[in-house]
1. For peptide B:197-206, compute the average count of partner chain beta-carbon atoms within 10 Å of each residue's beta-carbon.
2. From other protein chains only, count the Cβ atoms within 10 Å of every residue's Cβ in A:107-113, then give the mean.
3. Taking R0 as 22 Å, what's the FRET efficiency between residue A:168 and residue A:211 from their Cβ-Cβ distance, rounded to 0.05?
4. What is the mean projected area of the alpha carbon convex hull for the stretch A:240-325, to one decimal in square nanometres?
5. Name the residues of the stretch A:232-248 whose accessible area falls by at least 10 Å² when all protein chains are present instead of the chain alone, probe 1.4 Å?
6. Just the number please: accessible area per residue for the protein assembly as shown, 1.4 Å probe, all protein chains included, in Å².
7. Quick one: which residues, 5 or more positions from residue A:324 or on another chain, have an amide H under 5 Å from its amide H? H modelled 1.01 Å from N in the peptide plane, none for Pro or chain starts.
8. Ranked highest first by average number of other Cβ atoms within 10 Å, how do B:47-53, B:70-76 line up?
There are 2 protein chains.
Amino acid sequence: MGREDTGPLRFRAVMSVTVVGSIAFDAVKTPFGERERMLGGSAVHFALAASFFDDVRVVGPVGDDFGEEEYEVLRSRGVETADIEHVPGGKTFFWAGEYGWNLNDRETLDTQLNVFGEFQPKLSDESRSADVLFLANIQPDLQREVREQCAEARFVAMDSMNLWIDTAKDSLIETIKGVDCLMLNDDELRMLTGRPTLLSAAHEVMALGPKVIVAKQGEYGAALVTEDGLFFLPAYPLEIVLDPTGAGDSFAGGFIGYIAAHAHDEPAGQLLRRAMAYGTAIASFNVEEFGTERVQRLTREEIVDRVDELQRVTHFENAPIELRA
Amino acid sequence: MGREDTGPLRFRAVMSVTVVGSIAFDAVKTPFGERERMLGGSAVHFALAASFFDDVRVVGPVGDDFGEEEYEVLRSRGVETADIEHVPGGKTFFWAGEYGWNLNDRETLDTQLNVFGEFQPKLSDESRSADVLFLANIQPDLQREVREQCAEARFVAMDSMNLWIDTAKDSLIETIKGVDCLMLNDDELRMLTGRPTLLSAAHEVMALGPKVIVAKQGEYGAALVTEDGLFFLPAYPLEIVLDPTGAGDSFAGGFIGYIAAHAHDEPAGQLLRRAMAYGTAIASFNVEEFGTERVQRLTREEIVDRVDELQRVTHFENAPIELRA
């Protein structure tokens, strides 16, 4: 790993990201194959993606079934696993789902919370002192507790889901008030605010506090709303998608990782746009194979190539034209 | 209207677009209002949008209820209405629909084909000699008949819909083989080909003949697939959308109109990308009010401003970053 301690990189070398979220085993069936048990969970997908940019610490619970093989997937990418909490006698969170033919619809077949059901995040001093904090999709009370423990964080982002909008909306809104960035599926953003357009929903959330809103749009990409303006980026175009599970968390990991690697800069303007591109590129690798399979062997060069291609497929040059009255 | 006959504009002044499609009265209800009877139909929305770029001739049937007021909407934008076929004793095509709260789902409440049910396109010599032809969404046998009459057209594009994929797929595929450009909702593109991703579906259609595929993605914008590569453009971001009816046809009108105004150039690369931007800009005005209300008073300056803004909200500058192994 290691960067050289010269010039501005010395400063960046002490930056770090803490992610708090689920660590899971997933069973996934898509029209193109299936896996009965593979490493998953929001914190895992996030951490692997963010590991290309900065030091990452994972906070989340696992059971006795979480073994050396799983730890090694994270450690081989330099992810710090010391704050993964092993619950003796417990079983790791398990999720099973099946995707429809075009991979846009998915059905949850089984959810076994196991140790995740009793999760009370315990942050080490190192996790607490993170420069950048990502609160993956967990119960909003817990997200708020974690956020309050990380007083030094320069940038705090969070995800959530329809379940918490339905069952814990007041708490979710309190949590949103305390973060810099909300990342949410765009349907959930509308559901949260009752506003019919992405823009009106994003502006309503910004009035609560967050300065950065990222609406995840699945295969259509993602939208960024800030005080500076708007930015839209499509998903990286793929001929074949095998398994979308974890795409949103991989995107978040790339996005937040990029921001963390520039945490000495104001996260605004072109920095956030580039962060979107890196998140999008990494997410596209995630969905090309099952679970973490593809990202485990992902290289820096492959990521950079896709960021370049994203620029090509979104760029257009305007030219004056004489329109008719 | 008239452009000055000097320089390259002389050549462009003889370009023209013919559109064959529906002319309708629409009743539309959205969460933000309703109209019991307003001018609509694919050929109308298309023609108004295309009229900013070039001469446009509309071919389609109307009944006795189609009056001077409706003709005037088209003529006031310079659209040639001589090939609108008035069927004595008939009634104009009528469609009624209602949109859900976020305007993405719509339900058809009533469809009265009326004169459109017996429509047999009759093209004048002028319509037949169009440089650019747009076959709006009508029965694919009819589209093919029209296409064969327009042997001189340098660029032919078509739309279609799920109804024809379900009921006349073989004919639809024959029609697709004879055009340069297929514009279709992206779900329909997948439905037509049975391919799960936009890219695989587009490539399958290109193997039939068309060199340009435009996948319309509603509020997420549109994707362009050609042999030169891919291009993605979001919808123009709006705080408020009142009525999405006609957005796809307005987009097509702007897109095809722009191409027609440059019909002496090869429709490829940046030309097609700019055409997407003009179509997107005009479609965004269409949805801000009901039916044709907004586009009727649209100005050139407003279109150009939104094309510029589309460039701003999609542009990002890459910058080298040192990623971790």
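The values are calculated or read from the model by the stated rules, or taken from the named source; none is laboratory data. It should be emphasised that the depicted structure is a prediction, and the values quoted were computed from it without experimental measurement. No Cβ is skipped: glycine too gets one built from the backbone with ideal geometry, and neighbour counts run over all protein chains shown. Only protein heavy atoms, including side chains, enter the accessible area calculation; ligands, DNA and RNA are left aside. Shrake-Rupley method; radii C 1.70, N 1.55, O 1.52, S 1.80 Å.
1. That works out to 3 on average.
2. Partner-chain Cβ atoms within 10 Å, mean over residues of A:107-113: 0.
3. My answer for the efficiency is 0.40.
4. 8.5 nm²
5. A:232, A:234, A:237, A:238, A:239, A:241
6. Ligands and nucleic acids excluded, the result is 39 Å² per residue.
7. B:53
8. Averaged packing, sorted descending, gives the order B:47-53, B:70-76.
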